[in-house]
1. If each DSSP helix of 4+ residues adds -39,500 (n - 2.57) and the sum is divided by the residues in the chain, what number results at 222 nm, nearest 500 deg cm²/dmol?
2. Testing the spin-label approximation: label points 7 Å from Cα along Cα→Cβ at F11 and T243. State their distance in nm.
3. Straight distance only, please: which lysines reach the Cα of K189 with their own Cα at less than 19 Å, same-chain residues fewer than 8 apart left out?
4. Reachable aspartates and glutamates from K174, Cα under 17 Å, same-chain residues fewer than 8 places away excluded?
5. For K290, which lysines qualify as cross-link partners when the Cα separation must be under 27 Å and same-chain residues fewer than eight apart are set aside?
6. Could you work out how much longer the chain between K67 and L122 gets when fully extended? Use 0.36 nm per residue separation minus the Cα distance between them, nm to one decimal.
7. Which percentage, to the nearest 5, of the DSSP beta bridges contained in the chain is antiparallel?
8. Once phi is turned into ³J(HN,Hα) by the Karplus curve 6.51 cos²θ - 1.76 cosθ + 1.60 with θ = phi - 60°, what whole-Hz value does each residue of the range 10-18 show in order, with x for glycine and proline?
Amino acid sequence: MLELKNIDVVFRQKKEEIRAVSDVSLTINKGDVFGIVGYSGAGKSTLVRVINLLQRPTGGEVIFQGKNLLSLTPRQLREERKKIGMIFQHFHLMMARTVYENVDFSLKYTSLSKKQRDEKVLALLELVGLSDKKETYPSQLSGGQKQRVAIARALANDPEILLCDEATSALDPKTTQQILALLKSLNQKLGVTIVLITHEMQVVKEICNRVAVMENGQVIEQNSLIHIFSRPQQALTKDFIRTATHTDKALETILQHPSLAKPDQQSELVELSYLGESASEPLIAQLYSKFQVETNILYGNIEFLQQVPFGTLIVVLKGQRTQRQKAVAYLKEQQVTVTMLRRDTASEPALLKSIGGG
Ligand SMILES: Nc1ncnc2c1ncn2[C@@H]1O[C@H](COP(=O)(O)OP(=O)(O)OP(=O)(O)O)[C@@H](O)[C@H]1O
């Protein structure tokens, strides 16, 4: 439904050139909840604004439902933009208008009668759970409620696609969960495609089916959510996943307490991750019975990615070197991703830059 082809955005400031987006190509399919994740300054906001041409790219094409948006007249573009809703981190509501009026404003330039508009606004407010707040002003609402108003407003023209620019970044964790659940239910009920940009892989993990990772204006990796988690290719993607699975904190604790994983010739620190039901316990028992390798579990976590369990373990493998190598090869055969964690280096970043994998 949406194709970004070789998108470049270059900002020129005096003598300086800032390449905010560099040769990005993405395809977003109807019904996707597509996550774009990256740290601050990676180019996410600029890229998402290219989708509705709030930001014109300096190069590339934006194909929306078969039409190249860059070749449309201003009037044609206005029509296409109605099919692209957008919500923002700071809601962008009109503070002097009530909740009702904020949503109704989007219907001002439609052909709907007063009565049809009224029905539509009330239905939208019900959809986002705010029927009882229609006469309230935004200043009297919580952050989560404000974002619900913004969502209702963005849906007023029945968009095909909803762009969410850090839509939960100003909200506390519980409200974030509620807004993500609402977005997911809108995706399922209305079939609206969602593009969500965020600096948190936790957010992506909750509702996205596909993910692109951005760094320095480029998409460095993109795949299905499950593939990204189970087979991350890039160091940055691995970092994001460690944060989302709280493995980063666990590694920090392990490092601060060297007695937990004392380095010696007979043992090594390893991160294991696995998808689906390939339960860890029988495997660990097998490492001992088949290879006489003992496994000491220092940390364990399980997440659900679109209902599929994804487990992460940090373990110390103990046994003869050759036996440990056989055990690792066996784990890989069983579709477990094995990342050897360097313990011999004193500094933490070096440890986090793990080696191995796959
Ligand atoms: N209008 C502009 N003029 C000049 N430079 C800009 C402009 N907008 C963005 N940039 C620069 O482009 C780069 C990407 O910014 P962008 O806001 O897209 O990143 P981001 O990943 O969304 O980060 P954040 O979450 O902090 O907004 C940054 O270096 C930023 O300073």
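Throughout, read-outs are computed from the coordinates displayed, never taken from laboratory work. The model shown is predicted, which means the values in this text are computed figures rather than measured ones. Cβ sites come from the backbone with ideal geometry, for glycine too, and all protein chains shown count toward neighbours.
1. On the way: 13 runs with 131 residues, N = 358.
Computed ellipticity for the chain at 222 nm equals -11000 deg cm²/dmol.
2. Modelled inter-label distance: 2.1 nm.
3. K30, K83, K120
4. E166, E200, E206
5. K262, K318, K326, K332
6. Working: separation 55, 0.36 × 55 = 19.80 nm, distance 3.29 nm.
Length gained, K67 through L122: 16.5 nm.
7. Numbers: 50 of 69 bridges.
Among the beta bridges of the chain, antiparallel pairing accounts for roughly 70 percent.
8. Residue by residue, the range 10-18 yields 10, 9, 10, 10, 6, 8, 8, 10, 10 Hz.
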